[in-house]
Amino acid sequence: MDLVEVLRAQWDRCSAVVATIAGAVLLIVGWYHVADTGFVAKQMPYLISEGLGGVFLLGVGGMLWLSADLRDQWRELRGMRRWLESAASDRDERGTSEEHKRAKSAGDEPIGATPSAGR
């Protein structure tokens, strides 16, 4: 798989990594600028622009990563549902199983069966 296919398939994780790195860089640059000034009035523009921007980008990166994890979980759940539906349709196509026939001949209701109207 080449890089372009990986980026297309995992766009949300790639965006999360980029946003997290950009947020960390903004926080470091903001700290660097604030550390050189002793006056609070000169520190405020750096805190507002780089500090809040860095925290925002870190939040966006975390949200994108969680979104990618949730998408993977939903994909797995869809695959499991399709597998269960195909297994149920295969069972319905085969008809009544041997256990079901034995339970009916013994007069017992198999597990999951609808009770008879006469009982």
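The figures follow:
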read-out: Qualifying helices (runs of 4 or more DSSP H) (wholly inside segment 1-101; at least 2 residues being aromatic (Phe, Trp, Tyr) and open to solvent by 50 Å² or more (accessible area, probe 1.4 Å)); value: 11-36, 52-94
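The rows are residues; the columns are (1) within 11 Å of the chain's Cα centre (by Cα); (2) touching a residue at least 40 places away in the same chain (Cβ under 8 Å).
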{"position": "Tyr32", "(1), (2)": "no, no"}
{"position": "Gly38", "(1), (2)": "no, no"}
{"position": "Lys42", "(1), (2)": "no, no"}
{"position": "Glu50", "(1), (2)": "no, no"}
{"position": "Leu57", "(1), (2)": "no, no"}
{"position": "Val60", "(1), (2)": "no, yes"}
{"position": "Leu64", "(1), (2)": "yes, yes"}
{"position": "Gln73", "(1), (2)": "yes, no"}
{"position": "Glu76", "(1), (2)": "yes, no"}
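The values are calculated or read from the model by the stated rules, or taken from the named source; none is laboratory data. Here the structure is a predicted model, which means the values were calculated and not measured. Every residue, glycine as well, gets a Cβ built from its backbone with ideal geometry; the counts of neighbours run over all protein chains shown. We work out accessible area using only protein heavy atoms, side chains counted, and drop any ligands, DNA or RNA first. Shrake-Rupley method; radii C 1.70, N 1.55, O 1.52, S 1.80 Å.
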